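See structure below.
The values are calculated or read from the model by the stated rules, or taken from the named source; none is laboratory data. Just so it is clear, the structure is predicted and the values come from calculations on it, not from any experiment. No Cβ is skipped: glycine too gets one built from the backbone with ideal geometry, and neighbour counts run over all protein chains shown. The area values use the complete protein model at the heavy-atom level, side chains included, leaving out ligands, DNA and RNA. Shrake-Rupley method; radii C 1.70, N 1.55, O 1.52, S 1.80 Å.
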Amino acid sequence: MDHIEIEKKWRERWEKDGVNTFHEGGDKHYVLEMLPYPSGAKLHVGHWYNYGLTDSYARFMRMNGKNVFQPMGFDAFGLPAENYAIKTGIHPKDSTDANIATMERQLRDMGIMFDWSHEFYTCAPDYYKWTQWLFLQLYKNGLCYQKKAPVNYCPSCQTVIANEQVVDGKCERCKTEVVRKEMTQWFFKITDYAERLLQGLDGLDWPEKTKTMQRNWIGKSVGGEVVFDLEKPTADANAIRVFTTRADTLLGVTYVVIAPEHALVPVLTVPKQKKAVEKYVAEAAKRSEIERTSTSKDKTGVFTGSYCINPLNGKKVPVFVADYCLSTYGTGAVMGVAAHDTRDYAFAKKNGLEIVRVIRPADGEGELPFTEYGVMTNSGKFDGLTSEEGKAAVLEELEKLGHGGKKTNYRMRDWSVSRQRYWGAPIPVIYCEHCGTVPVPEKDLPVELPYDVNFTPDGKSPLARSEKFVNTVCPICGKPARRETDTLDTFVCSSWYYLRYPDAHNDKAPFDKKRVNALLPVDCYVGGAEHACGHLLYSRFITKVLHDLGYLDFDEPFKRLVHQGVILGPDGYRMSKSRGNVISPDPIVQKYGSDALRLYMMFGFDYTEGGPWSDGGIQSCARFMDRIERIADDVTNVKADATADDALDYELNYCIKQVSADIPAFGFNTAVARCMELVNAMYKYRAGKECSLPYLKHVLGVLVKVMAPLAPHFCEELNERLGGKASLFDQSYPVCDERKLVRAETEYAVQINSRVKCKVVLPQGLAAADVQKLALENAEVKELIGGATPKKIIVIPERLINIVL
RNA sequence: GCGAGCGUGGCGAAAUUGGCAGACGCGCCGGACUUAGGAUCCGGUGGGUAACCGUGCAGGUUCAAGUCCUGUCGCUCGCACCA
């Protein structure tokens, strides 16, 4: 069979007959793969693994009566295209369009049943118009705000660069040391949804690992806030607030630490300490950029010269600035309990601070620092309480005193959506001297990205230099005003795209409410695990926001999530251009056909594990198809007949049953193995004396349906050759006849003292007592027991008998 | 450092979830058909002559452990001073 030829033929046939066209109604099943970024590197085998195998799942669901919706589009904004433009001068839009054309051709060659009429590109104005609309909804509802935040800035390239472009603190392109720069940026208030994002995880059919990662990322921690009054209040401040999970240790506080970036640093620093503190803060700013992650185990810090008051006992404690306290978590200040925290202990030792024990183990003293829960001591009226009781009691007391109380903290921070970049959706905001920050009215969307801009880096983004773009009029007062020149993070574009597919060309709204509520949530979402705390979290957030605003009936976008494993290069390393170990699917498809590639990707790996690519396996799958074709050659001209051979009929139904369970569980490797077993049985049958070609043809006809989701073109071709008229994908999947799996006899393994000694054949379906009785009557078993009296006999129905002597 | 996951033949991997370890395939060995085969078909293939031994290593629970528990080593991923 010329696979290239027949694959082309069937793709054209499907197209012509509208086999892949989605019609609304019925028992919908929305299958979605994470949409690709159109890079110049084209599709690699990893995309195939993701899209090709998920398509097999989708085809299976379709043959099982589901009305499957499986769309595809392109996540087309982003940094690589812009960097490419800086390097080559080729406009991002042009290179992106070209890449999309190539990738779309490759995707079509895969033979996936995408309904292309729902396709979109996130970089097209008719899509990003609605990304901007989304921004405005968040803005209007208080979920979007501006604040100053640090960005990475390369002084040589004169541009802001992304975190992933910073390698060892240096710019990946020019190796210049990157500096931190404070800039005003837009944020989405994802932290408002922290608790719901956490709670919602429980009901999702997602990999536990991914849920755990999101839980850790959200980082809920239940504790309390303590207010330390300043010894000398000023006009600017009168107290330091700290967050703690160990309120039971409050009476052991011997100092308080604030982060170098804390607003109170200048307020609390006394003139005598000014020089030392300023020097420390400057050094910390540098360190946090370059080596914060690896080394700074050393607990450094300097005294501000000021003191604050422990609200519980009125004790005066010194305030330090130290970089082991993070400005980004909690209140940016912590209480120092040297006796019960390893970091505080190290800091106190180094700075000669007092160490006061207030918790002891339930028995004895134990060494310091003692960081576990125990019993309160040296704590006056709290003495004797357990840590658990003490936490509650202390926080209650603080509340009475008006100096704190219970508080829950989340590690997650708000989502920064500003990018000082050209190739993204412009943020729809206008700055007016008279009216201030003004959102672009919805009727004026989209704010179009100008094509004609200059990419040479000179300290401003290309958008900021485009006078035509920047200069506008204020929508309120009509006077000259300037546009925001930052663009949106591409994760904003991809945070709502699954809502666009059902109604991809709607120019009145981002989606039709009825249609979206009918088709969503996504029933099965498949993509890489690396998006656990990015895209997958943002999408959940946006869905919840749109739900709360009344646009959606559901508040979780993806019911079931599956991660495909990573296909590594033949050398066992992640595929990369620099390693030169990238496997391109194109030559493989040209040589063996896309079905052979698909089968191999299924057969060679555990889907969620992935693994190194190997060339050898692909031939085995091509050979497997040849074996099936050879049977087809034998039976093409006979009339099919279902007069059964018991042994082969058993194999056939066993295969149907197993494959039907494997495919929805993404167990493709075993599904293919079961089909191979059936083909082996067919060969055995064909070689036997009792072989009936009409029956063999019947079995082949069923196999072709069973395998249709796994090798769609090939199976369609065989089906046609066997006399089938309609497309297999408009037919039902074979159903296992359980009666055919009932056999008269079962072979039991007989164990003596837990070791298999022999086998006995007994009728199927016996009660345990009868199994035991018959087994003990067996001559071989009798001999093995040799007259000894069994102490205990365990019978596992249809499996084994264990006789303990 | 913390958290999660993994470790099974020469290789990719299976194992009804505590019940005959190694399905299926690659590779290898042998046979058939052949002028020939790197095509195809059939058979064999964890180790050991054997009793037996075998799922990283050491223990434990159990009639029974790849599967559960404890410890340990190694690898991968995620988070990295989170108070």
Mind listing whichever residues of segment A:459-469 are in a helix (DSSP H, G or I) and under 22 Å from A:ALA81 (Cβ atoms)?
-> A:PRO462, A:LEU463, A:ALA464, A:ARG465, A:LYS468, A:PHE469
Out of A:VAL31, A:VAL68, report the one residue that is outside any helix (DSSP H, G or I), in contact with a helix residue (DSSP H, G or I) (Cβ under 6 Å, 6 or more places away or on another chain) and open to solvent by 10 Å² or more (accessible area, probe 1.4 Å).
-> A:VAL68
Quick one: would you say A:TYR538 is closer than 23 Å to A:GLN214 by Cβ, more than 11 Å from RNA strand B (Cβ to nearest atom) and open to solvent by 10 Å² or more (accessible area, probe 1.4 Å)?
-> yes
Select from segment A:620-646 the residues that are open to solvent by 60 Å² or more (accessible area, probe 1.4 Å), near RNA strand B (Cβ under 10 Å from one of its atoms) and closer than 28 Å to A:LEU741 by Cβ and list them in ascending order.
-> A:ARG627, A:ARG630
Taking segment A:370-413 and keeping only residues that are open to solvent by less than 30 Å² (accessible area, probe 1.4 Å) and closer than 30 Å to A:PHE77 by Cβ, one is left with A:MET412
Of residues in segment A:336-359 being among the charged types (D, E, K, R), open to solvent by 40 Å² or more (accessible area, probe 1.4 Å) and assigned to a helix (DSSP H, G or I), the one farthest from RNA strand B (Cβ to nearest atom) = A:LYS349
Does A:GLY424 satisfy the criteria of being at pLDDT below 95 and buried (at least 21 other Cβ atoms within 10 Å of the Cβ)?
-> yes
Selection status of A:THR437, of a type in the set (Ser, Thr, Tyr) and surrounded by fewer than 13 Cβ atoms within 10 Å (Cβ to Cβ) | yes
All positions within segment A:248-276 that are among the small types (Gly, Ala, Ser) and open to solvent by less than 30 Å² (accessible area, probe 1.4 Å) = A:GLY252, A:ALA259
May I ask you to list the residues in segment A:70-104 that are of a type in the set (Phe, Trp, Tyr) and under 21 Å from the mean Cα position of the chain (by Cα)?
-> A:PHE74, A:PHE77
Among the candidates A:ASN67, A:ASN50, A:ASN20, which residue alone is within 16 Å of A:TYR525 (Cβ to Cβ) and not basic (Lys, Arg)?
-> A:ASN50
Only one of these is part of a loop (DSSP other than H, G, I, E, B), at pLDDT below 95 and closer than 30 Å to A:ASP2 by Cβ: A:VAL589, A:VAL582. Name it.
-> A:VAL582
Hey, can you tell me all the residues within segment A:573-606 that are buried (at least 17 other Cβ atoms within 10 Å of the Cβ) and of a type in the set (Phe, Trp, Tyr)?
-> A:TYR592, A:TYR600, A:PHE603, A:PHE605
In segment A:577-606, what residues are near RNA strand B (Cβ under 8 Å from one of its atoms) and either touching an Asp or Glu at 6+ places or on another chain (Cβ under 7 Å) or not small (Gly, Ala, Ser) (or both)?
-> A:PHE603, A:PHE605, A:ASP606
Segment A:105-117: number of residues that are in contact (Cβ under 8 Å) with a residue 24 or more places away in the chain and open to solvent by 30 Å² or more (accessible area, probe 1.4 Å) = 4
Does A:ALA333 satisfy being within 16 Å of RNA strand B (Cβ to nearest atom) and either at pLDDT 90 or above or touching a Ser or Thr at 6+ places or on another chain (Cβ under 6 Å) (or both)?
-> yes
Residues that are crowded, with 21+ Cβ neighbours inside 10 Å, more than 30 Å from the chain's Cα centre (by Cα) and either under 18 Å from A:GLU225 (Cα atoms) or within 7 Å of RNA strand B (Cβ to nearest atom) (or both), drawn from segment A:316-330 = A:VAL319, A:ASP323, A:CYS325
Tell me, yes or no, whether segment A:736-746 has at least one residue that is surrounded by 13 or more Cβ atoms within 10 Å (Cβ to Cβ) and in contact with a strand residue (DSSP E or B) (Cβ under 7 Å, 6 or more places away or on another chain).
-> yes
Pull up segment A:47-65, narrow it to residues that are more than 21 Å from A:PRO585 (Cα to Cα) and in a helix (DSSP H, G or I), then point me to the one that is nearest to the chain's Cα centre (by Cα).
-> A:ALA58
Entirely in segment A:650-732, the helices (runs of 4 or more DSSP H) that have 3 or more residues that are more than 38 Å from the chain's Cα centre (by Cα), under 16 Å from A:MET625 (Cβ atoms) and modelled with pLDDT of 90 or more = A:668-687, A:712-721
Conditions (1) open to solvent by 40 Å² or more (accessible area, probe 1.4 Å); (2) in contact (Cβ under 8 Å) with a residue 40 or more places away in the chain -> A:HIS547 fails only (2)
Scanning segment A:553-581 residue by residue, those touching a residue at least 24 places away in the same chain (Cβ under 8 Å) and charged (D, E, K, R) turn out to be A:ASP553, A:ASP555, A:GLU556, A:LYS559, A:ARG560, A:ASP571, A:LYS577
Considering only residues of segment A:748-793 that are β-branched (Val, Ile, Thr), within 18 Å of A:LEU805 (Cβ to Cβ) and open to solvent by 70 Å² or more (accessible area, probe 1.4 Å), which is farthest from the chain's Cα centre (by Cα)?
-> A:THR789
Which numbered condition A:ASP730 fails, given (1) closer than 18 Å to A:ALA632 by Cβ; (2) open to solvent by 70 Å² or more (accessible area, probe 1.4 Å) = (1)
Can you pull out the residues in segment A:11-25 that are of a type outside the set (S, T, N, Q), open to solvent by less than 70 Å² (accessible area, probe 1.4 Å) and over 14 Å from A:ASP109 (Cα atoms)?
-> A:GLY18, A:VAL19, A:PHE22, A:GLY25
Have a look at A:VAL227, A:VAL242, A:VAL253, A:VAL257 and point out the one that is in contact with a His (Cβ under 6 Å, 6 or more places away or on another chain), under 25 Å from A:LEU395 (Cα atoms) and at pLDDT 90 or above.
-> A:VAL227
Which members of segment A:254-278 meet the condition of being assigned to a strand (DSSP E or B) and either small (Gly, Ala, Ser) or out of contact with any Leu (no Cβ under 8 Å at 6 or more places or on another chain) (or both)?
-> A:VAL256, A:VAL257
Out of all the residues in segment A:480-522, which are part of a helix (DSSP H, G or I) and of a type in the set (Ser, Thr, Tyr)?
-> A:THR490, A:TYR497, A:TYR498, A:TYR501
Would you call A:ASP662 among the charged types (D, E, K, R), surrounded by fewer than 22 Cβ atoms within 10 Å (Cβ to Cβ) and either more than 9 Å from RNA strand B (Cβ to nearest atom) or in contact (Cβ under 8 Å) with a residue 24 or more places away in the chain (or both)?
-> no
